[in-house]
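Trainee: Structure below; questions to follow.
The values are calculated or read from the model by the stated rules, or taken from the named source; none is laboratory data. Keep in mind the model is a prediction, meaning the values are calculated, not measured. Cβ atoms come from the backbone with ideal geometry, glycine included; neighbour counts cover every protein chain shown. Quick note on the areas: whole protein, heavy atoms, side chains included, nothing else; ligands and nucleic acids left out. Shrake-Rupley method; radii C 1.70, N 1.55, O 1.52, S 1.80 Å.
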Amino acid sequence: MNFSLNEMEATAKRATRGAGYTWGQAEEAAKATRWLCEKGLDGAGTLAALLNLGFASNPDLHRPKKIEGIWTGDAALCPLSVGPLLSDCVHMLDDGPIEIHDLAASALILPFASYAARALNCAIAVEIDGIHTTTDGATLSALDMPAARAKRVTVRRSTEPVSPRDPYTRAVPTQKDWQTLLTFAHRTYAPATEESRLLGAGAGLSDND
């Protein structure tokens, strides 16, 4: 199965909101998922796995406790908290690498690294449990999918050339992951009422036959 990137983004946004994240985080998640899909990575699967973890029910546990030194939390870190924080703290990369420990759905950090690259107008290197990749903001160097939960992630400035992956124009989720996103997205829909059914398509309670 495959979908347009616009459909992938819209579904990812509703799914993230349905999982309990704020609309702002849902927008960030949708853009990040689309970005991964554009690079031929499994954006849908990565987001589906994250939403299944239920981090939104207790978000404070999954945020970095401080930005000085190594970024750690009281439990596995959520990329929808770490990613925007990386964007806000991009100036810290001028002084050296940012190190992040115990990051769930680690591939979702890559789009935020690309935002940092654009902000600093330089390449950004990301190492996820020994897997190296580089982004210049628009492209991403070839890499295997990183582990779902990374023990150690390092983000730093880079002078390495970027050998970009071929771009994708469609998202290609598995049926299972797509269904997971649809299930979460369905939670954002208001339940039907008698009034809404009467105002909707069809005859409602009337019978004109």
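Trainee: Can you compute the modelled spin-label distance between residue 89 and residue 163, with each label point 7 Å from Cα toward Cβ, in nm?
Mentor: Here the answer is 3.2 nm between the modelled labels.
Trainee: Please determine, in degrees from 0 to 90 and to the nearest 10, the orientation of helix 175-186 with respect to the longest principal axis defined by the Cα atoms of the chain, where the helix direction is its Cα long axis.
Mentor: 70 degrees
Trainee: Sticking with this one: I'd like the accessible area for residue 172, computed on protein heavy atoms only with a 1.4 Å probe and all protein chains in place. Round to 10 Å², please.
Mentor: Roll a 1.4 Å probe over it and residue 172 shows about 100 Å².
Trainee: Here's something else I'd like to know. Using a simple spin-label model with points 7 Å from Cα along the Cα→Cβ vector, what separation in nm is obtained for residue 65 and residue 187?
Mentor: Simple spin-label model gives 2.8 nm for this pair.
Trainee: Suppose we keep just the DSSP beta bridges with both residues in the chain; what percent of those would be antiparallel, to 5?
Mentor: Antiparallel: roughly 90 percent of the beta bridges in the chain.
Trainee: So what J values fall out for region 36-52 if you push phi through Karplus, 6.51 cos²θ - 1.76 cosθ + 1.60 with θ = phi - 60°, rounded to Hz, Gly and Pro as x?
Mentor: 4, 4, 4, 8, x, 9, 7, x, 5, x, 5, 5, 4, 5, 5, 5, 5
Trainee: Relative to a virtual label point 7 Å from the Cα of residue 145 in the Cα→beta-carbon direction, which members of region 35-65 show backbone nitrogen distances below 11 Å?
Mentor: Counting backbone N atoms under 11 Å from the label point, the list is 41-49.
Trainee: Now for a separate question. In region 53-112, what percent of the accessible surface is made up of carbon and sulfur (1.4 Å probe, ligands and nucleic acids excluded)?
Mentor: Heavy-atom surface of region 53-112 belonging to carbon and sulfur, 1.4 Å probe: 51 percent.
Trainee: Continuing with this model, one more query. Picking from 82, 155, 183, whose Cα lies most toward the positive end of the charge dipole for the chain (charges on Cβ: Lys, Arg +1; Asp, Glu -1)?
Mentor: Checking the options against the dipole of the chain, the answer is 155.
Trainee: Separate question: Give the aspartates and glutamates whose C-alpha is closer than 15 Å to that of residue 31, dropping any in the same chain fewer than 8 places away, or say none.
Mentor: Answer for residue 31, where 15 Å is the Cα cut-off: 7, 9, 42, listed by chain and number.
Trainee: So, in nm, how far is label residue 23 from label residue 74 when the simple model puts each one 7 Å beyond its Cα toward the Cβ?
Mentor: Placing both labels 7 Å beyond Cα along the Cβ direction yields 2.9 nm.
Trainee: Something else: Per residue, what accessible area does the chain have, given a 1.4 Å probe and all protein chains present, in Å²?
Mentor: Here the residues of the chain average 51 Å² of exposed surface.
Trainee: Continuing with the same structure: As a quick test, which of the pairs 13/66; 65/176; 39/66; 65/151 have an alpha carbon distance above 23 angstrom in this structure? Working shown, then result.
Mentor: Numbers: 13/66 28 Å; 65/176 34 Å; 39/66 31 Å; 65/151 17 Å.
Over 23 Å apart, Cα to Cα: 13/66; 65/176; 39/66.
Trainee: Could you please put 80, 53 in sequence from largest to smallest accessible area, using a 1.4 Å probe?
Mentor: 53, 80
Trainee: Sticking with this structure for a sec: Sort region 20-95 into rounded, prolate or oblate with this rule: let a ≥ b ≥ c be the square roots of the eigenvalues of the Cα gyration tensor; rounded if a/c is under 1.5, and if a/c is not under 1.5, prolate when a/b is larger than b/c, oblate otherwise. List each step's numbers first, then the result.
Mentor: On the way: a/c = 1.97, a/b = 1.23, b/c = 1.59.
Here region 20-95 falls in the oblate category.
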